[in-house]
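Trainee: Here's a structure for you.
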Amino acid sequence: MPVELKADKVVDLKGLPCPMPVVRISQEIMTVDVGQVVEAITTDPGSLADFPAWATSTGQEILQTDQATGEIRFYVKRLK
Amino acid sequence: MGTEQAVMDQPKQAEAMLPGVENKISIVVFSGDLDKLLASLIIATGAVAMGMKVSLFFTFWGTAALRDARKSVKGKNLISRMFGFMLPNGARKVKLSKMNMGGMGTAMMKMLMKKKNVASLEEMLTLAGQLGVEICICEMSMSLMGFKREEMIDYPHMSVCGVASFLAEAKTSRVQLFI
């Protein structure tokens, strides 16, 4: 059962196809402070593979991925 | 902490293994086809998201996609004018590499893209400009086809260059593609 995480910012990326979800999260993560969490909501199934790839390459951390509601929710922590 | 640090050190380690290689991608955009141009721009914008510096080298058929349909240049000779007439006048006019079917296939694809919320080639070019993607247009291709710098789109990071500029960029890039 996923833990309830508190996001510092919520970003709605619903309906956006590749490459927009990763382009947007890469911009949005820089609008919060290091250590803060962005919750990104997407409907693009490709982002399930792309967000972890993006996070690994850019050195950010995905705390949790939640698909319970039919949408995909990523909790991304800014590490740098 | 341990794993976080390891992840953050990855790019540094890769650079240490390959001296002179930076976190960059260089793409030769040779094709003037809508599908391949779109792929180039998707990779380019995605690469910016991945923290990479991106250079696109437009050459041969690719150069026609950078023409601005609203601009026209005087003083061209007959052959240049013919080329200008025959080649697509900008990103809106490029066709699919397959299933164009006299323009019907391309029109259908554009309709589908709109329906699925996929950005058009013009929108992708605008986005690339906002993200700082650099575009170099091959000087020789432009002169072969009779294109002038003045008839190209207003793009914030555009220059005219040759093969040496591409190679200098490519040899220090981690990823090089030819599309």
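Trainee: How many residues, within the range A:68-80, are without any contact (Cβ under 8 Å) to a residue 60 or more places away in the chain, within 27 Å of B:Ala119 (Cα to Cα) and in contact with a Leu (Cβ under 8 Å, 6 or more places away or on another chain)? I'd like the intermediate steps shown before the answer.
Mentor: At the first step, the residues of the range A:68-80 found to be without any contact (Cβ under 8 Å) to a residue 60 or more places away in the chain are A:69-74, A:76-80.
Keeping just the survivors that are within 27 Å of B:Ala119 (Cα to Cα) gives A:69-74, A:76.
Cutting the leftovers down to in contact with a Leu (Cβ under 8 Å, 6 or more places away or on another chain) gives us A:72, A:76.
Counting residues in the range A:68-80 that are without any contact (Cβ under 8 Å) to a residue 60 or more places away in the chain, within 27 Å of B:Ala119 (Cα to Cα) and in contact with a Leu (Cβ under 8 Å, 6 or more places away or on another chain) gives 2.
Trainee: Which residues, taken from the range A:38-76, are among the acidic types (Asp, Glu), assigned to a strand (DSSP E or B) and either within 14 Å of chain B (Cβ to nearest Cβ) or under 9 Å from the mean Cα position of the chain (by Cα) (or both)?
Mentor: In the first step, residues of the range A:38-76 are kept if they are among the acidic types (Asp, Glu); the result is A:39, A:44, A:50, A:61, A:66, A:71.
Right, trim to assigned to a strand (DSSP E or B) and you get A:39, A:61, A:66.
Matches in the range A:38-76: A:Glu39, A:Glu61.
Trainee: When the range A:1-18 is examined, which residues are found to be in contact (Cβ under 8 Å) with a residue 24 or more places away in the chain and part of a loop (DSSP other than H, G, I, E, B)?
Mentor: A:Pro2, A:Val3, A:Leu5, A:Lys6, A:Ala7, A:Asp8, A:Lys14, A:Gly15, A:Leu16, A:Pro17, A:Cys18
Trainee: Right, here's the next one. Please find, within the range A:14-35, the residue that is surrounded by the fewest Cβ atoms within 10 Å (Cβ to Cβ) out of those that are in contact with a Lys or Arg (Cβ under 6 Å, 6 or more places away or on another chain) and away from chain B (no Cβ under 11 Å).
Mentor: A:Val34
Trainee: Of the residues B:Leu112, B:Leu66, B:Leu167, B:Leu125, which is within 30 Å of B:Glu22 (Cα to Cα), within 14 Å of another protein chain (Cβ to nearest Cβ), out of contact with any helix residue (DSSP H, G or I) (no Cβ under 6 Å at 6 or more places or on another chain) and of a type in the set (A, V, I, L, M)? Can you show your working first?
Mentor: Numbers: B:Leu112 fails: within 30 Å of B:Glu22 (Cα to Cα); B:Leu66 fails: within 14 Å of another protein chain (Cβ to nearest Cβ); B:Leu167 fails: within 14 Å of another protein chain (Cβ to nearest Cβ).
On inspection, the qualifying residue turns out to be B:Leu125.
Trainee: Here's a follow-up. May I ask you to list the residues in the range B:20-55 that are more than 14 Å from chain A (Cβ to nearest Cβ) and among the basic types (Lys, Arg)?
Mentor: Result: B:Lys36, single match.
Trainee: I'd like to verify a number: residues in the range A:41-54 that are among the small types (Gly, Ala, Ser) and under 18 Å from B:Asn117 (Cα atoms), how many?
Mentor: Number satisfying all stated conditions: 2.
Trainee: What's the number of the condition B:Val133 fails, among (1) surrounded by 17 or more Cβ atoms within 10 Å (Cβ to Cβ); (2) within 14 Å of chain A (Cβ to nearest Cβ); (3) more than 19 Å from the chain's Cα centre (by Cα)?
Mentor: Result: B:Val133 fails condition (3) only.
Trainee: Further, regarding this structure: Give, as residue ranges, the helices (runs of 4 or more DSSP H) completely inside the range B:74-149 that count at least 1 residues that are among the acidic types (Asp, Glu). Spell out how you get there, then give the answer.
Mentor: Details: elements: B:78-86, B:104-115, B:121-131, B:139-145.
Hits in the range B:74-149: B:121-131, B:139-145.
Trainee: Answer yes or no: is there a residue in the range A:19-32 that is without any contact (Cβ under 8 Å) to a residue 60 or more places away in the chain, under 21 Å from B:Leu131 (Cα atoms) and assigned to a loop (DSSP other than H, G, I, E, B).
Mentor: Our first condition is that a residue be without any contact (Cβ under 8 Å) to a residue 60 or more places away in the chain; within the range A:19-32, this holds for A:19-32.
If we keep only those that are under 21 Å from B:Leu131 (Cα atoms) as well, we get A:19-32.
Checking which are assigned to a loop (DSSP other than H, G, I, E, B) leaves us with A:19, A:32.
Checked against the condition, which is being without any contact (Cβ under 8 Å) to a residue 60 or more places away in the chain, under 21 Å from B:Leu131 (Cα atoms) and assigned to a loop (DSSP other than H, G, I, E, B), the range A:19-32 yields at least one hit.
Readers should treat all values here as calculations from the given coordinates under stated rules, not as data from a laboratory. On a predicted model such as this, the values are computed, not experimentally measured, just so you know. When we count neighbours, we look across all protein chains shown, and the Cβ atoms used for this are built from the backbone with ideal geometry, even at glycine.
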